[in-house]
Amino acid sequence: MSRKFTPKVVTANDLLEGDVIYLAADDRWVRDMKQAEFIEDEAHAQIRLLHAEQQPDVVVGAYLADAALGDDGPEPTHFRETFRTRGPSNYAHGKQEKQAENV
Amino acid sequence: MYKYNDFDDAFLRERTAQFRAQVERRIDGSLTEDEFKPLRLMNGLYLQLHAYMLRVAIPYGTLNSRQMRQLAMIAERWDKGYGHFTTRQNIQYNWPKLRDVPDMLDALADVGMHAIQTSGNTVRNVTSDHFAGAAQDEIEDPRPVAELLRQWSTDHPEFQFLPRKFKIAITGSPNDRAVTRAHDIGLRMVEQDGQPGFEVIVGGGLGRTPMVGKVIRDFLPKADLLPYVEAILRVYNRLGRRDNKYKARIKITVHEKGLETIRDLVEAEFEHTRADFMGFDMQALTQIEKHFQPPAFKQADTAGYEVARAANPAFRAWTDTNLTPHKTDGYAIVSISLKAHGATPGDATAHQMRVMADLAEWFGHDEIRISHEQNVILPHVHKSDLPELYAVLRDAGLATANIGLISDIIACPGMDYCALATARSIPIAQEIAERFDELKLEHDIGPLKIKISGCINACGHHHVGHIGILGLDRAGVENYQITLGGDGTETAAIGERAGPGFSAEEIVPAIERLVHAYLDLRATRDETFLQTYRRLGPQPFKSALYPEAKANAA
């Protein structure tokens, strides 16, 4: 018995920067999870993951991460993915640094 | 300390040039990630949760001021202005960009440093007693042998694809400050008939199957060390399991085959390796030993030191906790705590690195050590210089008087950085340190080692913490398991799991209950947490941790 498919986003790390990136519906790689493509169909998820894996000159370690649809777009459901959307908790480094600049 | 010769320098320059070309080929698409990954790992470059991470070896934890300043420069120029000292006496940079890494490696090579074999299934950075060369209880400085092992293991063609990583620790003292019993090979110097040699321990390790190492040789003459270690590696390389990553460390090989079998195989192999070496290793050691001559210790009046101690309670408290007796009269070993309450264990800013480099140059015969407990040591400081040194440390936020106390916590980077982690470690360490600072209890509690790992791989040494904390993912929530009674010294023991884990909110109050129980239970003020635990066993501590269970049973 296979487990029920849960919604996903395609995520990876940027080859040059190492920063966490997400695949958007228009094929762009975005830094903000909210702009990622929210994938509810398992077959489509596999196709999008293959698409990501075919870009080894841009991304490293692409995988499907669980997500839920929030008001502004996809949101993480697991704490590991939550940390990936912002950065470490001991310093305001990583994504939260830029997020603070934008406020 | 060891100074690179032309051969070392040429080797390193060639390696960094090779890696520069490999990075270029990765970026232009001629190498896939699968092809590139083993190459970057051979050069210490990981991809972590938020960024790349470069792990730089600090061989047996020894640095000079020039090297420390270069580490500071690298932190500022290519990272975010700080570095993280690890439990393996390495330094990690958490934010390098791929294109910058070859420049970082070149900058390291400029001061005789590198990131080779800080990853991969090879012999890793050889670790040692952080008081080496200064400790009162030392038979001999173990660092020449550690350097010999470093040279032998670096790029050793036979041991580049071991079944799994391989960690060697060495100490020249009977009191084990290098956790030798939790290494693949532990070397503990002992004397026989007035001759120094080594007790050779094999098959120790933490991780998912923690084991205390077993003595494979009670006494190995120093002259036989390298061929014997090579014999162990050779047997392991042949027998170690390659079918299962989790059973591939030598501790499992020893456990499955039995110590006697391994010993017989090693001794048989040793016959060959000893013949092969033909004494060349001892010639190399003699050359290396010349680099490790003790500094020219000075004579000076220590009256000023005593006056300062009497006059300044903060200075006195610092000298009580952060100094260790030195083998030379008038000198002290200074431990600089990188565990300011609420700070990240093991982190130093570039400014702090420069301050420590300056202090080493001014007052410390230009010697610096990194401890596996994530602190920095100035091994040779004359007591007359301590008041001035303390003042400089204080101004740099480096004068925390807590070495060996409850806030001197080892913590791995955990899920704040590490891609393997299952939970965070750093915030737990920060909260515990702040809580006990608030309670003003830590000096009353006395020696107590808390060690925190953010996953079962146990980089935070939680198994050998008097109190160990292991962060796990339990159904999508961070959960912290407590182990009790671990010990990383010559009386090594693996801590026992106390019971069910605690949530991130519950873990600090649980530690507090545990420590209050100890304060109530100790026979005298001098009885340490570990002694009390050994005297009474886990039960009273479990009752403190799980009061509901006790209430339900009553």
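The values are calculated or read from the model by the stated rules, or taken from the named source; none is laboratory data. What you see is a predicted model, and the numbers here were worked out from it, not measured in a lab. Note: ideal-geometry Cβ built from the backbone for every residue, glycine included; neighbour counts use all protein chains shown.
For residue B:71, indicate whether it is more than 10 Å from chain A (Cβ to nearest Cβ), assigned to a strand (DSSP E or B), surrounded by 20 or more Cβ atoms within 10 Å (Cβ to Cβ) and out of contact with any Asp or Glu (no Cβ under 6 Å at 6 or more places or on another chain).
So residue B:71 does not fit the description; no.
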Problem set entry | Residue list for segment B:126-151, restricted to those being touching a Leu at 6+ places or on another chain (Cβ under 8 Å) and within 9 Å of residue B:173 (Cβ to Cβ) | B:142
Exercise. Take the residues of segment A:17-31 that are within 14 Å of chain B (Cβ to nearest Cβ) and either touching a residue at least 60 places away in the same chain (Cβ under 8 Å) or in contact with a strand residue (DSSP E or B) (Cβ under 8 Å, 6 or more places away or on another chain) (or both): which is surrounded by the fewest Cβ atoms within 10 Å (Cβ to Cβ)?
Worked result: A:31
Exercise. In segment B:186-220, what residues are surrounded by fewer than 19 Cβ atoms within 10 Å (Cβ to Cβ) and acidic (Asp, Glu)?
Worked result: B:191, B:193, B:218
Exercise. Is it the case that residue B:110 is surrounded by fewer than 24 Cβ atoms within 10 Å (Cβ to Cβ) and in contact with a Ser or Thr (Cβ under 8 Å, 6 or more places away or on another chain)?
Worked result: no
Exercise. Looking at segment B:14-51, which of its residues are within 29 Å of residue A:92 (Cα to Cα), more than 11 Å from chain A (Cβ to nearest Cβ) and touching a Lys or Arg at 6+ places or on another chain (Cβ under 8 Å)?
Worked result: B:43, B:44
For this session: Test residue B:273 against the stated conditions and say whether it is crowded, with 16+ Cβ neighbours inside 10 Å, more than 23 Å from the chain's Cα centre (by Cα) and either closer than 21 Å to residue B:494 by Cβ or at pLDDT 95 or above (or both).
Result: yes
Exercise. Does segment B:33-48 contain any residue that is crowded, with 20+ Cβ neighbours inside 10 Å, modelled with pLDDT of 95 or more and more than 22 Å from the chain's Cα centre (by Cα)?
Worked result: yes
Seminar exercise, completed: When restricted to B:234, B:241, B:217, B:208, the only residue modelled with pLDDT of 95 or more and either farther than 21 Å from residue B:272 by Cβ or among the small types (Gly, Ala, Ser) (or both) is B:241
Seminar exercise, completed: Okay, strands (runs of 3 or more DSSP E) sitting entirely in segment B:89-196 with 2 or more residues that are out of contact with any Asp or Glu (no Cβ under 8 Å at 6 or more places or on another chain), I get B:90-93, B:185-192
Problem set entry | Qualifying positions in segment B:379-396 - touching a His at 6+ places or on another chain (Cβ under 9 Å) and closer than 14 Å to residue B:338 by Cα | B:396
Exercise. Inside segment B:472-489, can you point out the residues that are buried (at least 24 other Cβ atoms within 10 Å of the Cβ), away from chain A (no Cβ under 11 Å) and more than 14 Å from residue B:210 (Cβ to Cβ)?
Worked result: B:480, B:482
Problem set entry | Hey, residue B:147 under 26 Å from residue B:227 (Cβ atoms), away from chain A (no Cβ under 14 Å) and surrounded by fewer than 20 Cβ atoms within 10 Å (Cβ to Cβ) or not | no
For this session: Quickly run through segment B:242-270 and pick out the residues that are surrounded by fewer than 16 Cβ atoms within 10 Å (Cβ to Cβ) and touching a residue at least 60 places away in the same chain (Cβ under 8 Å).
Result: B:242, B:245
Exercise. Mind checking whether some residue in segment B:95-107 is crowded, with 20+ Cβ neighbours inside 10 Å and of a type in the set (Gly, Ala, Ser)?
Worked result: no
Problem set entry | Answer residue from segment B:87-107, given it is under 18 Å from residue B:70 (Cβ atoms) and β-branched (Val, Ile, Thr) and is nearest to the other protein chains (Cβ to nearest Cβ) among those | B:101
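Every residue, every condition in (1) in contact with a Leu (Cβ under 7 Å, 6 or more places away or on another chain); (2) in the same structural domain as residue B:382 (by TED's automatic domain parsing), yes or no:
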position	(1), (2)
B:282	no, no
B:285	yes, no
B:298	no, no
B:315	no, yes
B:318	no, yes
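For (1) within 14 Å of chain A (Cβ to nearest Cβ); (2) of a type in the set (Asp, Glu); (3) surrounded by fewer than 24 Cβ atoms within 10 Å (Cβ to Cβ), each residue gets a yes or a no:
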position: B:366; (1), (2), (3): no, yes, yes
position: B:380; (1), (2), (3): no, no, no
position: B:393; (1), (2), (3): no, no, yes
position: B:397; (1), (2), (3): no, no, yes
position: B:407; (1), (2), (3): no, no, no
position: B:429; (1), (2), (3): yes, no, no
position: B:433; (1), (2), (3): yes, no, no
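Can you tell me which residue among B:404, B:446, B:471, B:454 is more than 24 Å from residue B:91 (Cβ to Cβ) and either modelled with pLDDT of 95 or more or not acidic (Asp, Glu) (or both)?
On the way: B:404 fails: more than 24 Å from residue B:91 (Cβ to Cβ); B:471 fails: more than 24 Å from residue B:91 (Cβ to Cβ); B:454 fails: more than 24 Å from residue B:91 (Cβ to Cβ).
From the options B:404, B:446, B:471, B:454, the qualifying one is B:446.
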Exercise. Any residue in segment A:53-68 that is away from chain B (no Cβ under 14 Å) and closer than 23 Å to residue B:27 by Cα?
Worked result: no
Exercise. Can you tell which of B:496, B:431 is outside the structural domain of residue B:181 (by TED's automatic domain parsing), under 25 Å from the mean Cα position of the chain (by Cα), closer than 15 Å to residue B:530 by Cβ and of a type outside the set (A, V, I, L, M, F, W, C)?
Worked result: B:496
Problem set entry | Enumeration of residues in segment B:2-26 that are in contact with a helix residue (DSSP H, G or I) (Cβ under 7 Å, 6 or more places away or on another chain) and either under 16 Å from residue A:57 (Cα atoms) or polar (S, T, N, Q) (or both) | B:16, B:22, B:23, B:26
Exercise. Of the conditions (1) of a type in the set (Lys, Arg); (2) part of a helix (DSSP H, G or I); (3) over 29 Å from the mean Cα position of the chain (by Cα), residue B:298 fails just one. Which one is it?
Worked result: (2)
Exercise. Quick one: would you say residue B:203 is at positive phi, of a type outside the set (D, E, K, R) and under 22 Å from the mean Cα position of the chain (by Cα)?
Worked result: yes
Exercise. Can you find a residue in segment A:33-47 that is surrounded by 20 or more Cβ atoms within 10 Å (Cβ to Cβ), more than 10 Å from chain B (Cβ to nearest Cβ) and of a type in the set (Gly, Ala, Ser)?
Worked result: yes
